[in-house]
1. Along the charge dipole of the stretch 1-104, pointing to its positive end and built from +1/-1 on Cβ of Lys, Arg, Asp and Glu, which listed residue (Leu40, Leu92, Leu102) has its Cα farthest out?
2. How are the alpha carbon pair distances in the stretch 95-143 distributed across 5 Å bins from zero to the largest one, expressed in percent?
3. If I model a spin label as a point 7 Å beyond the Cα along the Cα-Cβ vector, how far apart are those points for Leu105 and Thr68 in nm?
4. Dimensions of the stretch 1-146 along principal axes (Cα, Å, largest first)?
5. Take the chain, connect every pair of alpha-carbon atoms lying under 10 Å apart with a spring to form a Gaussian network, then pick out the residue of Cys167, Cys181, Cys231 with the largest mean-square fluctuation.
6. Quote the charge dipole size of the chain about the Cα centre in Debye, to the nearest 20; the model charges only the Cβ of Lys and Arg (+1) and of Asp and Glu (-1).
7. Along the three principal axes, how long is the stretch 176-240 when you take its alpha carbons, biggest first, rounded to the nearest angstrom?
8. Explain nothing, just compute: Karplus ³J(HN,Hα) = 6.51 cos²θ - 1.76 cosθ + 1.60, θ = phi - 60°, for every residue of the stretch 25-35 in order, whole Hz, x for Gly and Pro.
Amino acid sequence: ESKAFLYYYIISIFMMANDAFFTWLGMQMHLNFWRQIISLIGFYIVYKTLRTNEGLFYVRMIYRKYGTMFKILSVFAVISIVFNGYTLERVLYALWNYSFGLPFLLFPYYTRKCGWSDSRFNNLFIILGTFLSVGILIDFLSGGLITTMFLLSVTMEEGAFEAGRFCFLSTAPTIFTVYYCFCLFCLLTETINSKSALKKTILLSLSLLFVFGSVFCGSRQTLAGLVFIECIGLWNFFKTNKSS
């Protein structure tokens, strides 16, 4: 069961980072609500985990704090419906947006429970980040073919694709900014912790590929975020190697 939950998290992260493709796929299969399905499964995992596990003190505390905030938001939601004329569907969608990420607090717990080491965790995001970087470069070299293929089918707007903003399989660079930065963070962490000179060289080269790929997103916040993490990571890398 723990492995099944872990696979859920990995698949969900991949789907959300490549949401244009999976929205297009959902349209073909008449499953436009695939994100909501992910949420329902995620909250089932939260319920099952907290019901059968006496630990996870900090996770429980976060959920309790969020539960209080959710009650306050529900009051404002009712006010919006009664006085501002918002539809119930719009309000429920907003509340879902606020709570969508909560099940993912248990992702690190299940990696540990399934016996994952820090290195294995890092390697997962190194692979995902490399996939995104290579995909953006291919998208750029094809003149935005991948972006237009899936983004236009999802938005149905001919002007949705802006020249120089290559999204690969996502709907916008802002969708994967934090995710992309986290992938680079995991890569640099693994670089610093690795004992192999060959592996360090390969990972450092990949880190430059991450930053180079972000140039073609056309998003300054994405590029700035990756450059910042790259600089901090390289500083720590050379500091660690110098001291050793």
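FYI, it's all coordinate maths here, none of it is from the lab. Everything quoted here is computed from the prediction, not taken from an experiment. Backbone-built Cβ (ideal geometry, glycine too); neighbour counts: all protein chains shown.
1. Leu102
2. Whole-percent P(r) values from 0 Å outward: 5, 16, 15, 15, 15, 16, 12, 6, 1.
3. Computed distance between label sites Leu105 and Thr68 equals 1.3 nm.
4. Principal extents (Cα only, largest first): 51, 43, 24 Å.
5. Cys231
6. 1040 debye
7. Computed over the Cα atoms, the extents are 35, 18, 16 Å.
8. 5, x, 5, 5, 9, 6, 10, 5, 9, 4, 5
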